[in-house]
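Engineer: Sharing a structure here in structure tokens format.
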């Protein structure tokens, strides 16, 4: 039995799609089961409820061998650390109660000994590690899909913005590739132990290089503009983020500009197939044109 949390989310729904054709029993935890893909209806068992509810998680984990989990984003959180613990504590308790064998979960790039933008990621890792479950934490840089948040400015202003140097080359990955790695691990019952799996995307690109590729794909001039952390924080808050959530993200981006995402060496195993140009053709272009 495989359990998938966040089965209607950006990554979770693709993980679910990737395992639906297997003959393994699948259970999902969903607040709103009506949002599940039509392909999933009748194929998966559904436990309805919140990932913060220990009774829901315990019920969902009963009889399961492998679990896919990620921390749902919440731009309205008053405290990122509090948000993390609200979700991670019931996860760890249910893992112990139900003797889960394997956990695949998503986190930021870098091993636990690496420098985080703050201690939140390290605390989450340590909480999970103490359960004794065998896990593979999928560590990745920014998603290509994060650019969809700026579709309006790309479409109407021909620009996108971050508080990161336009010349710094960074790894970036497509969520489809994250989901493919997660599904492969969930369907594999041979691995054990606690380790991490870096996912670095197809290549390292600077935001200026991304702007050039976007210009070619969209057939209109697109440029990248570095902004200050305070300006980016203000924009996030104008779009509904709490000050705490916006501050956490800006601190992360400042750390990225300082080299946080350049510490993990690229290997054939950590390189995934979707190039930024392909993603722009298949995802960004339809979003801009719609």
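Engineer: P(r) for segment 126-248: what percent of alpha-carbon pairs falls in each 5 Å bin, starting at zero?
Structural biologist: 2, 9, 14, 17, 16, 15, 11, 8, 6, 2, 0
Engineer: Return the tail of the calculated pair distribution for segment 39-111, meaning the percent of Cα-Cα pairs more than 14 Å apart.
Structural biologist: 65
Engineer: A further question on this structure: Simple spin-label model, 7 Å along Cα-to-Cβ: residue 188 to residue 99 in nm?
Structural biologist: About 2.5 nm separates the two model spin labels.
Engineer: So for 228, 275, fewest C-beta neighbours within 10 Å to most, what's the order? All intermediate terms of the calculation are to be shown ahead of the outcome.
Structural biologist: Values: 228 10, 275 16.
Fewest-to-most Cβ neighbours within 10 Å comes out as 228, 275.
Engineer: Starting from the Cα of residue 39, step 7 Å along the direction of its Cβ; do the same at residue 52; then give the gap between the two resulting points in nm.
Structural biologist: Distance between label points: 3.2 nm.
Engineer: Let me ask something else. Arranged by the count of other C-beta atoms within 10 angstrom, fewest first, what order do 59, 282 take?
Structural biologist: Ranking 59, 282 by Cβ neighbours within 10 Å, fewest first, gives 282, 59.
Engineer: Here's another thing I want to ask about it. What 222 nm value per residue comes from the helices of the chain, counting each DSSP H run with n ≥ 4 as -39,500 (n - 2.57) and dividing by all residues, nearest 500 deg cm²/dmol?
Structural biologist: So the helix-based figure for the chain works out to -11000 deg cm²/dmol.
Engineer: Continuing with this model, one more query. With labels modelled as points extended 7 Å from the Cα through the Cβ direction, what inter-label distance (nm, one decimal) is found for residue 267 paired with residue 150?
Structural biologist: 3.2
Engineer: In addition: Report the extension gain between residue 161 and residue 134 in nm, rounded to one decimal, defined as 0.36 nm multiplied by the number of residues separating them, less their alpha carbon distance. Can you show the working numbers first?
Structural biologist: Values: separation 27, 0.36 × 27 = 9.72 nm, distance 3.91 nm.
Difference between extended and current length: 5.8 nm.
Engineer: A further question on this structure: Taking a ≥ b ≥ c as the square roots of the eigenvalues of the Cα gyration tensor of the chain, is the shape rounded (a/c under 1.5), prolate (a/b larger than b/c) or oblate? Spell out each step's value before the answer.
Structural biologist: Numbers: a/c = 1.68, a/b = 1.50, b/c = 1.12.
Judged from the Cα gyration tensor, the chain comes out prolate (a/c at least 1.5, a/b above b/c).
Engineer: Tilt of helix 207-218 relative to the longest C-alpha principal axis of the chain, in degrees (0 to 90, nearest 10)?
Structural biologist: The two axes meet at around 90 degrees.
Engineer: Expressed as a fraction of 2.2 N^0.38 Å, the rule-of-thumb size for a compact globular protein of N residues, what is the C-alpha radius of gyration of segment 1-133?
Structural biologist: This ratio for segment 1-133 stands at 1.04.
Engineer: Next up: Fewest to most neighbouring Cβ within 10 Å: what's the order for 224, 207? Can you show the working numbers first?
Structural biologist: Working: 224 20, 207 24.
Fewest-to-most ranking of 224, 207: 224, 207.
Taken together, the values in this text are just the output of simple stated rules run on the coordinates, not laboratory data. Source: prediction; values computed, not measured. In this analysis, Cβ positions are derived from the backbone assuming ideal geometry, glycine residues included, and neighbour counts consider all displayed protein chains.
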